[in-house]
Amino acid sequence: MFKILIIEDEPTIAEILAENIDRWGFEAHVIKDFHNILGEFAEVNPQLVLLDIQLPSFDGFYWCQKIREVSNVPIIFISSRTTNMDIVMAMNMGGDDYITKPFELDVVIAKIQAILRRTYSYQETNTDVITYNDILLNIKDSTVHHNELQCELTKNEFKILYILIKKHGEIISRDHLMRELWNTDSFIDDNTLTVNINRLRKKLSQIHLDDLIETKKSLGYIIK
């Protein structure tokens, strides 16, 4: 499930956005502490941010810049400020889209869906992130995220998970995995793959993904 972080100073608007975002099958999180936006951002680890410009202490331009220092997550500005200067500045700071208030909720949802589809549906060529259900793989740092939890994988562990998720619903043979991992026709001890699979499963269990990888006896492995 995609998580959307709402950084909005008007409680009524934040509540309306959250209710409608949840209704469309996303998971909305509303910022509670405007002095700890980066901390809440890191805790939620959202796939998209809705960001107002007029905020307590520092404005949305400032927080967009701060988020861009640590993440390439899509950011949609939502603001009552409608001048071209504001829109240009939002884009220059790293915003992906700009919605003016008052807004139509169906327009907001449509833009959210379009950006999520564009960002994550074609992730192999367009982003450093791939997603499957509520699991997110960050190719850049070989981490896997599930809800608020994450773990770091070795190169081979990450590649195994990547292959299985990329071909989810298909049984992937041990021979295929070994060829993909070591890219050689030379003999590789079969036990080496078993060790990698076991280590991967142990790490996945730490983020509550114990049963993600299923073994098909004499056939291989599958993620359904």
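The values are calculated or read from the model by the stated rules, or taken from the named source; none is laboratory data. Small disclaimer: the values here were computed from a predicted structure and weren't measured. Cβ placement follows ideal geometry from the backbone for every residue including glycine, while neighbour counts extend to all protein chains displayed.
Of note:
- Residues considered: Asp33, Asp52, Asp9, Asp59. Of these, the only one that is touching a helix residue (DSSP H, G or I) at 6+ places or on another chain (Cβ under 6 Å) and acidic (Asp, Glu) is Asp52.
- Set Pro74, Pro46, Pro56: member being loosely packed, with under 12 Cβ neighbours inside 10 Å and touching a residue at least 24 places away in the same chain (Cβ under 8 Å): Pro56
- Ile197 being of a type in the set (A, V, I, L, M, F, W, C) and within 26 Å of Lys3 (Cα to Cα): no
- Filter result for Gln123 (among the polar types (S, T, N, Q), at pLDDT below 90 and either assigned by TED's automatic domain parsing to the domain that holds Gln47 or touching a strand residue (DSSP E or B) at 6+ places or on another chain (Cβ under 6 Å) (or both)): yes
- Checking Phe158 against (1) of a type outside the set (Gly, Ala, Ser); (2) surrounded by 18 or more Cβ atoms within 10 Å (Cβ to Cβ); (3) in a helix (DSSP H, G or I); (4) not assigned by TED's automatic domain parsing to the domain that holds Arg199, the condition it does not meet: (4)
- Considering residues of region 45-67 that are aliphatic (A, V, I, L, M) and farther than 11 Å from Leu5 by Cα only, the residue nearest to the chain's Cα centre (by Cα): Ile67
- Residues located in region 130-174, provided they are of a type in the set (Phe, Trp, Tyr) and in contact with a helix residue (DSSP H, G or I) (Cβ under 8 Å, 6 or more places away or on another chain): Tyr132
- Region 191-220 - residue that is in contact with a helix residue (DSSP H, G or I) (Cβ under 8 Å, 6 or more places away or on another chain), part of a loop (DSSP other than H, G, I, E, B) and touching a residue at least 12 places away in the same chain (Cβ under 8 Å) and, of those, nearest to Leu181 (Cα to Cα): Ile213
The rows are residues; the columns are (1) out of contact with any His (no Cβ under 6 Å at 6 or more places or on another chain); (2) at pLDDT below 95; (3) closer than 13 Å to Ile7 by Cβ; (4) not assigned by TED's automatic domain parsing to the domain that holds Asn133.
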residue	(1), (2), (3), (4)
Asp22	yes, yes, no, yes
Gly39	yes, yes, yes, yes
Glu43	yes, yes, no, yes
Glu69	yes, yes, no, yes
Phe77	yes, no, yes, yes
Thr82	yes, yes, no, yes
Asp96	yes, yes, no, yes
Pro102	yes, yes, no, yes
Leu105	yes, yes, no, yes
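- Scoring Met1 on the criteria (1) touching an Asp or Glu at 6+ places or on another chain (Cβ under 6 Å); (2) buried (at least 18 other Cβ atoms within 10 Å of the Cβ) leaves a single failure, condition (2).
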